[in-house]
Amino acid sequence: MIELVTRSGRVFEFSSDNIPFFLPNFLDLPHIQKTMKEKIAFARDGVRIDDPPIADFRKIAKKFEDHIKFQQATRLAQFGELYQHFIDAGGANNESTARLDEMAKFVFNTDRPTDEQMYATHMYVTQDNVHFTAAPNVSDCGSFILRAPDEAKNLEWIISSIRSLDENYKGFLDRCRKAVHFSIQHRDSVTGIVDVGNEKQQFPTFSANDKKYVDFIVEWVTNQKFALLTPHEIFAPAILKALKCYEKTHIEKDVAAQFLRDIGMWQPWDNMTLLEEAPISVEHFWSAKAQEIEKVMRRDEKTIEKHSLGSTHSSTGSLGPHEPYPNDICDGIRHDFGNLTVYTIDDPSAKEIDDGISVEKYSDHSWVHIHVADPSAYIHPRQELAMVMARRVQTLYLPERHFPLLPENLSSRKFSLVSSSPDASAGQYTMSFSAKIDNDGNIIDSMIRPGWVRRICKLSYDQVDSMLQGSKLSDDMTALSSLVTISQQHLKQRIAHGAVNFDRPESSIHLTPYPIDLPSLKFSKPNFQQHAPDINLTVRMGGGQSPSRALVTEFMIMAGRIASSVCEERGIPMVYRTQAPPNRDLLSTDEQDLIDSVLSQRDPSNGSIALKDAFRILRFMSPGSVTTQPGSAHWMMGISGGYAKVTSPLRRYLDMVAHWQLKASMLNAPLPFSEDFLKTMGVRVDMREKQLNRLGAKATDWWIAESLRRRQAQGSLATETWDCIISNEAQNVSGRILPASAFIPSLGTNGRMDPSVERSFEIGESLKVRVKDIDPMSPRFTIEPVS
């Protein structure tokens with residue numbers, strides 16, 4: 001959060017993501033220095049100024065604004081040519097964006113535009129919001145989207161139509177009033193379904209021009225909000241206010257969403273979280289980019305599905321962008337694991353089975369093999385499908401549907417460890433990470449080999465737990481018991497090195513039917529679905545992992561440690577996962593004592609700490625990150641010698657990158673990625689992974705809130721109470737009170753405390769609450785204590 005002082009003297013906060021442009025060292029500019037009465041020192045560590053000299057700031061801002069207007073006035077002709085120049089330049093390359101620095105270079109005819117020239121250009125393109133709009137990550141990339149000429153013309157038509165109150169606009173308002181009235185009359189109070197029945201003919205028919213107005217409103221709802229205005233923020237509320245169908249005098253996006261439901265564009269249960277976060281998901285759905293990616297995936301899926309390695313060319317030197325490897329480049333070093341049983345353990349519904357485990361038991365040691373699916377046997381780093389994976393970063397899981405990293409038939413069949421592949425003569429290709437472990441659980445040797453497994457035993461977590469609890473002896477039971485013992489030894493060693501497990505309940509949503517359609521971004525015709533999806537919320541409570549889940553977790557971590565060790569030994573550039581311990585230099589003595597006290601209470605069997613205590617120290621934890629530095633520690637995992645994720649190449653692009661790097665080293669071939677490239681790429685991918693994971697979590701929270709909305713409509717929610725734990729205290733941010741929040745274990749999500757509650761709350765405090773209000777546009781809901 002960044003604290004801003006406006007020209008009028010108001011002080012308020014913005015998220016840094018919403019700042020489209022900033023001018024570094026503004027007060028050091030020469031003409032600004034002359035304006036200031038005295039030198040003002042600004043702390044760069046984020047410490048706010050208690051009493052900013054508002055009067056000086058107003059004068060400085062006014063003088064700077066005059067300076068920028070003068071800069072613009074001297075280049076009016078060039079600014080007037082800006083849009084057409086970059087539309088023409090981008091046309092041949094099918095590009096629709098332009099970087100701010102390139103635009104400033106054109107306008108001011110210079111190779112090195114000044115900060116003031118950059119800002120003057122920024123102000124021009126933001127004021128011409130019919131032709132230009134900021135890219136979703138404009139503060140990082142400095143890019144603006146140039147609206148297509150037809151789109152800009154359409155915007156001008158809508159604005160002119162509204163301003164002149166022409167017949168198109170008045171007719172649209174009249175039809176919308178009839179549509180809203182119809183929906184209110186025929187809406188079910190619980191599900192929100194509009195029962196059109198035999199009266200469908202009473203619903204108005206929308207014209208082609210009507211659809212333009214509707215899409216304009218949709219764009220307002222879905223546009224990411226920045227600290228600058230767009231035509232939508234001015235004219236979309238004006239349309240809804242002119243309807244006079246809604247009670248609110250101040251029109252917000254929740255009113256727009258209700259309007260779109262009333263005219264049959266969106267369903268009552270459509271996930272508003274996805275609409276708010278649309279810029280995050282452009283590689284997965286809704287965008288032209290996503291459509292192009294799907295096209296590549298379908299094409300390469302067909303090519304690889306019917307392809308058997310070794311059946312065509314013998315050379316890999318000149319492969320086309322859609323050609324897979326013609327043969328197994330690891331044929332000479334691929335290890336055949338014979339009839340050794342490989343156990344794949346996952347949820348029963350899992351389709352992408354990308355890992356399995358086997359064990360060879362000897363008198364004084366064991367060999368454990370973590371076998372990972374090997375799509376890199378077919379896909380090479382320069383293939384277009386690999387480029388698609390780099391853009392998608394990972395599989396995106398939503399309650400409505402999932403968007404796979406790889407084509408679904410490949411990830412769930414050809415590459416997946418669920419059945420034998422005809423390409424491997426009744427076997428399956430793997431990358432196998434093996435550890436030699438003594439009877440005390442110490443790793444005394446390790447190796448990585450391309451593998452070939454023949455005998456795959458697919459099991460669910462519950463099946464393994466039942467087998468381990470049973471008394472019936474079998475080869476499978478003996479092998480699984482050995483694996484449990486080794487996994488427990490590995491976990492104890494991590495705990496001895498400080499591993500911490502926050503035992504937080506995890507929620508998941510299962511919808512029936514599945515999959516369901518996502519809300520549309522373009523209005524075609526009214527669509528009133530008559531059956532709401534059933535919502536099944538399951539919460540896997542804390543209290544430690546079951547033996548089967550703990551087993552899988554430990555061996556996946558072990559594979560990551562093996563990969564890290566081999567990469568460091570061979571000097572293979574790799575992206576490692578790392579996390580620093582809490583920075584004690586930034587903590588008070590009391591805060592340090594609190595952390596030490598909580599960590600001393602870890603459960604010695606699994607390293608977990610109570611949820612109430614986890615919330616007390618969570619704010620002091622350093623975030624996880626990525627690095628190319630080998631041997632980097634991961635504090636929470638209790639790993640000091642380095643860790644790289646390698647066990648989910650069907651779902652994570654970075655895992656594929658690790659496989660490509662390892663294979664090239666084994667074959668003494670040039671490495672596909674340099675350390676410098678991985679440094680930049682690793683940070684980008686890590687950020688995208690976190691964004692997509694947050695999107696998936698928010699989408700799940702939406703459906704949890706939707707289940708509460710249904711209970712509220714049925715009248716049962718008012719009498720329900722919930723146990724919760726305060727996860728964040730109330731905060732006073734520049735005079736604005738941010739209410740406390742609490743985690744509700746039985747829902748697996750957070751609620752925000754009613755700000756009108758006149759009492760303070762401590763992090764970790766337990767209490768009973770009831771749900772008071774639910775935000776119609778987000779997963780947020782307000783709770784209040786039960787007296």
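Condition check for residue 730 on (1) surrounded by 14 or more Cβ atoms within 10 Å (Cβ to Cβ); (2) farther than 15 Å from residue 770 by Cβ; (3) modelled with pLDDT of 90 or more: one failure, at (3). Could we say that residue 754 is farther than 18 Å from residue 698 by Cβ and surrounded by 15 or more Cβ atoms within 10 Å (Cβ to Cβ) here? Yes.
Residue-wise test of (1) touching a Cys at 6+ places or on another chain (Cβ under 8 Å); (2) at pLDDT 90 or above.
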| position | (1), (2) |
| --- | --- |
| 685 | no, yes |
| 689 | no, yes |
| 708 | no, yes |
| 724 | no, yes |
| 734 | no, no |
| 737 | no, no |
| 742 | yes, yes |
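The number of residues in the stretch 424-443 that are in a strand (DSSP E or B) and at pLDDT 90 or above comes to 12. Filtered by the rule that a residue be assigned to a helix (DSSP H, G or I) and loosely packed, with under 14 Cβ neighbours inside 10 Å, the stretch 82-113 gives 84, 88, 91. When the residues of the stretch 409-423 are filtered to those that are modelled with pLDDT of 90 or more and among the aliphatic types (A, V, I, L, M), the one that is nearest to residue 353 (Cα to Cα) is 417.
Given the criteria outside the structural domain of residue 238 (by TED's automatic domain parsing), surrounded by 15 or more Cβ atoms within 10 Å (Cβ to Cβ), at pLDDT below 90 and not aromatic (Phe, Trp, Tyr), does residue 126 qualify? Taking the combined requirement at face value, the residue satisfies it.
Taking the criterion of being in contact (Cβ under 8 Å) with a residue 60 or more places away in the chain, out of contact with any helix residue (DSSP H, G or I) (no Cβ under 7 Å at 6 or more places or on another chain) and within 18 Å of residue 185 (Cα to Cα), the residues of the stretch 246-266 that qualify are 258, 261, 264.
Which one is nearest to residue 581 (Cα to Cα) among residues in the stretch 609-619 that are surrounded by 17 or more Cβ atoms within 10 Å (Cβ to Cβ) and under 26 Å from the mean Cα position of the chain (by Cα)? Within the stretch 609-619, the match that is nearest to residue 581 (Cα to Cα) is 617.
Is one or more of the residues making up the stretch 146-158 more than 19 Å from residue 209 (Cα to Cα), surrounded by 17 or more Cβ atoms within 10 Å (Cβ to Cβ) and not charged (D, E, K, R)? So far as the stretch 146-158 goes, yes, one or more of its residues are more than 19 Å from residue 209 (Cα to Cα), surrounded by 17 or more Cβ atoms within 10 Å (Cβ to Cβ) and not charged (D, E, K, R). Among the residues of the stretch 760-787, those that are more than 31 Å from the chain's Cα centre (by Cα), over 21 Å from residue 537 (Cβ atoms) and touching a residue at least 12 places away in the same chain (Cβ under 8 Å) comprise 760, 767, 785, 786. Just to be sure before I move on: is residue 205 in a loop (DSSP other than H, G, I, E, B), farther than 17 Å from residue 246 by Cβ, hydroxyl-bearing (Ser, Thr, Tyr) and more than 34 Å from the chain's Cα centre (by Cα) in the structure I sent? So residue 205 passes the test. Can you say whether residue 274 is surrounded by 17 or more Cβ atoms within 10 Å (Cβ to Cβ), within 29 Å of the chain's Cα centre (by Cα) and either outside the structural domain of residue 399 (by TED's automatic domain parsing) or in a helix (DSSP H, G or I) (or both), as far as the supplied structure shows? Yes, satisfied. Of the strands (runs of 3 or more DSSP E) contained entirely in the stretch 502-600, those carrying at least 3 residues that are farther than 29 Å from residue 373 by Cα and of a type outside the set (Val, Ile, Thr) fall at 534-540. The listed residues are 362, 397, and the only one of them that is free of Cβ contacts under 8 Å to residues at least 40 places away in the same chain and surrounded by fewer than 22 Cβ atoms within 10 Å (Cβ to Cβ) turns out to be 362.
Of the residues making up the stretch 40-74, those that are at pLDDT 80 or above and either under 18 Å from residue 124 (Cβ atoms) or not basic (Lys, Arg) (or both) number 11.
The values are calculated or read from the model by the stated rules, or taken from the named source; none is laboratory data. Small disclaimer: the values here were computed from a predicted structure and weren't measured. All Cβ positions, even for glycine, are placed from backbone atoms using ideal geometry, and neighbour counts span all protein chains on display.
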